[in-house]
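The values are calculated or read from the model by the stated rules, or taken from the named source; none is laboratory data. If you're wondering where the values come from, they're calculated on a predicted model, not measured in any experiment. As a convention, Cβ positions derive from the backbone with ideal geometry for all residues, glycine included, and neighbour counts pool all protein chains shown.
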Amino acid sequence: MANGFTYKEFSDDNKYIALSAEIMAVRARGSVPLACIRTYGCQQNVADSEKIKGILAAMGFDFTDNSEEADFILFNTCAVREHAEDRVFGNVGALKNIKRRHPSVLIGLCGCMMEEKHVTDRLYKSFPFVGLVFGTHSLHKFPELFYNAVSVGKRVYETGVDDKTVYEGIPTMRDGTFKGWLPIMYGCNNFCTYCIVPYTRGRERSRRPEAVIAEARQMISAGYKEITLLGQNVNSYGKNLEGGVTFADLLRQIDSIEGDFLIRFMTSHPKDCSKELIDVIAQSRHISKHLHLPFQSGNDRVLKAMNRSYNREKYLDIINYAKEKIDGLSLTSDVIVGFPGETYEEFLDTVSLVKEVEFTSLFTFIYSPREGTPAAKMPDPFTAEEKSRWFSELLKVQEKIAAKRCAAMVGNTYRVLVEDTTDTQGVLMGRTSGNVIVEFEGDNSLVGNFVNVCVTQARNWILKGKVII
Ligand code: SAH
Ligand code: SF4
Ligand code: F3S
């Protein structure tokens, strides 16, 4: 027990894996059971889906992108913005016909939206063909819930059950072979007033450092070249653990592992981003020279209303310290336009902050009310049209900055991990340590390797380059 959280091994649930495997061997329409998993939202959900796939693989499943041929269809949902919710309901509705054509198919929903009561109530009432629903807190019970759904044949709903336990050892089937996600903590305690995540993912809890480091070592020996440490607020890593370990300590330990690999992490919260952390990045061998540090707004009144616990000055302080210490630093951020009551003048503070920092790229969102959050009850006098005008204004400013930053990279050589082919034959792509995408010609055999690429051309924010042998 560490500050109210318990740590447990997942393996207790294995009996349901074997039992489900027996049922699915008979129930599958083809020679092996097939699962179609669709994942929405952020990397936390992607990492959860990789665990679900790990469990399904242990049950004998293979995977397909074609929902028509699947024996199990699962949507892993996101609740962070309104349109995410609308999309999921639309897509679930479309599955009704598949269930009619293939009555044995099990349709399931999981993820953040399933921890919202108004959503599961609506699902239960309007979508009776959905046979399995479980929330983020019940991931470790997936084998048992799945077994109940396929053996009893009644609808299984399990949501809102937070047992305050961190489960280790859940099988994971990673999507990539050289780039992988590594969750270091779950949940969030920050309660930013606009955000649903603390309600859907529960209280912040860190995995033990030994478990994280052991998994990082395994990934590195399995050939992973890029590991992204995940958490909603990685800077507060360790707060619920005994022993006073911090995120900077964890990074230092992973950085000391031998091998040729890159460490990325997300997301950092400015309120807990320590100078020590920046020093660790600056002195590291393996950590990317990239900081994704969401500021959300450049105006102090709005930041306070958002409950972000820092102001513009403190944010710029960290940014300036990081720029000074980390050579070739690349900065990215998230920003919300049109928070309830934000005026045009307050929005202009966001624009001026963007101009001052010169981010490599920005993730810009128009505020979207989330039921149950404090901001959803705040007066919101500005129209969608006004907000969308401001939003375009901000995008234009950022596009210019991105183009300027890209142009300044021409002539320089960067080490990139060749990660994927683009649509054009013979053209590869990779990301610099600062997470900027460069396209270049090369042979497919380079995928998964680090190469040096000299940037030869910048077209707006798309970089072209040449491999340097
Ligand atoms: N934990 C991370 C991000 C979580 S959600 C952090 O704190 O930075 C990712 C981004 O979605 C947020 O940074 C925010 O910019 C945006 N977001 C969250 N809730 C939103 C809402 N209700 N409306 C619009 N954007 C939102
Ligand atoms: Fe949401 Fe704020 Fe937590 Fe990020 S830090 S997940 S924005 S509550
Ligand atoms: Fe969405 Fe949940 Fe991530 S709400 S953004 S999938 S933590």
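Just so you know, in the stretch 7-49 the residues that are in contact with a strand residue (DSSP E or B) (Cβ under 7 Å, 6 or more places away or on another chain) and among the charged types (D, E, K, R) include one that is surrounded by the most Cβ atoms within 10 Å (Cβ to Cβ), and it is D48. Residues that are farther than 21 Å from V161 by Cα and part of a loop (DSSP other than H, G, I, E, B) occur at least once in the stretch 73-87.
Annotation: S297 fulfils all but one of (1) free of Cβ contacts under 8 Å to residues at least 40 places away in the same chain; (2) more than 16 Å from ligand 3 (Cβ to nearest atom); (3) hydroxyl-bearing (S, T, Y); the unmet one is (1). Scanning the stretch 87-97 for residues that are surrounded by fewer than 20 Cβ atoms within 10 Å (Cβ to Cβ) and within 14 Å of ligand 3 (Cβ to nearest atom) gives a single hit, R87.
Would you call L109 under 30 Å from G223 (Cβ atoms) and either under 19 Å from the mean Cα position of the chain (by Cα) or surrounded by fewer than 21 Cβ atoms within 10 Å (Cβ to Cβ) (or both)? For L109, the condition - under 30 Å from G223 (Cβ atoms) and either under 19 Å from the mean Cα position of the chain (by Cα) or surrounded by fewer than 21 Cβ atoms within 10 Å (Cβ to Cβ) (or both) - is not met. All of (1) in contact with a helix residue (DSSP H, G or I) (Cβ under 8 Å, 6 or more places away or on another chain); (2) within 15 Å of ligand 1 (Cβ to nearest atom); (3) at pLDDT 95 or above hold for D279 with one exception: (2). The single residue among S309, S333, S288, S284 that is touching a helix residue (DSSP H, G or I) at 6+ places or on another chain (Cβ under 6 Å), of a type in the set (G, A, S) and over 20 Å from P374 (Cα atoms) turns out to be S284. Checking each residue in the stretch 432-467 for being among the aliphatic types (A, V, I, L, M), closer than 11 Å to V416 by Cβ and touching a residue at least 40 places away in the same chain (Cβ under 8 Å) picks out V436, V453, V455, L463.
Pairs linking a residue in the stretch 101-121 that is under 20 Å from N148 (Cβ atoms) to a residue that is within 16 Å of ligand 1 (Cβ to nearest atom) and assigned to a helix (DSSP H, G or I), with Cβ atoms under 6 Å and 6 or more positions apart or on different chains, are G111/N45; E115/T136; E115/T200. Scanning the stretch 343-382 for residues that are away from ligand 1 (no atom under 14 Å from the Cβ) and β-branched (V, I, T), we see that the one that is nearest to C195 (Cα to Cα) is T343. Within the stretch 321-346, restricting attention to residues that are surrounded by fewer than 18 Cβ atoms within 10 Å (Cβ to Cβ) and among the hydroxyl-bearing types (S, T, Y), the residue that is farthest from ligand 2 (Cβ to nearest atom) is Y344.
For the stretch 79-89, the tally of residues that are under 17 Å from L132 (Cα atoms) and not aliphatic (A, V, I, L, M) stands at 1.
Among the residues of the stretch 410-469, those identified as surrounded by fewer than 13 Cβ atoms within 10 Å (Cβ to Cβ) and of a type in the set (A, V, I, L, M) are I468, I469.
Conditions (1) basic (K, R); (2) without any contact (Cβ under 8 Å) to a residue 24 or more places away in the chain; (3) buried (at least 20 other Cβ atoms within 10 Å of the Cβ); (4) within 16 Å of ligand 3 (Cβ to nearest atom), marked per residue:
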position: T177; (1), (2), (3), (4): no, no, no, no
position: M185; (1), (2), (3), (4): no, no, yes, yes
position: C188; (1), (2), (3), (4): no, no, yes, yes
position: T193; (1), (2), (3), (4): no, no, no, yes
position: V212; (1), (2), (3), (4): no, no, yes, no
position: Q232; (1), (2), (3), (4): no, no, yes, yes
position: D249; (1), (2), (3), (4): no, no, no, no
position: S268; (1), (2), (3), (4): no, no, yes, yes
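Can you give me the number of residues within the stretch 377-394 that are surrounded by 13 or more Cβ atoms within 10 Å (Cβ to Cβ), without any contact (Cβ under 8 Å) to a residue 60 or more places away in the chain and of a type outside the set (D, E, K, R)? Total satisfying the criteria: 5.
Contact annotation: residue pairs with Cβ atoms under 6 Å, 6 or more positions apart or on different chains, pairing a residue in the stretch 403-430 that is over 16 Å from R459 (Cβ atoms) with a partner that is assigned to a loop (DSSP other than H, G, I, E, B), are Y414/T432; V416/T432; L417/K225; V418/V447; V418/N449; L428/G442. In the stretch 57-70, which residues are under 20 Å from S104 (Cβ atoms), in a helix (DSSP H, G or I) and in contact (Cβ under 8 Å) with a residue 40 or more places away in the chain? Correct list: E69 only. Taken together, the residues in the stretch 101-129 that are under 19 Å from V161 (Cα atoms) and touching a strand residue (DSSP E or B) at 6+ places or on another chain (Cβ under 9 Å) amount to 11.
Among the residues of the stretch 251-277, those identified as more than 20 Å from Y224 (Cβ to Cβ) and either part of a loop (DSSP other than H, G, I, E, B) or within 22 Å of the chain's Cα centre (by Cα) (or both) are T267, S268, H269, P270, K271, D272, C273, S274, L277.
Against the numbered list (1) within 26 Å of the chain's Cα centre (by Cα); (2) crowded, with 18+ Cβ neighbours inside 10 Å; (3) within 16 Å of ligand 1 (Cβ to nearest atom), S309 comes up short only at (2). Taking the stretch 1-53 as the range and being more than 16 Å from ligand 3 (Cβ to nearest atom), among the basic types (K, R), under 30 Å from T228 (Cβ atoms) and part of a helix (DSSP H, G or I) as the test, only K53 passes. For the stretch 188-208, indicate whether the set of residues that are modelled with pLDDT of 95 or more and over 30 Å from A376 (Cα atoms) is non-empty. Yes, the conditions are met somewhere in the stretch 188-208. Inspection of the stretch 266-275 finds no residue satisfying the criterion of being of a type in the set (A, V, I, L, M) and touching a Ser or Thr at 6+ places or on another chain (Cβ under 6 Å).
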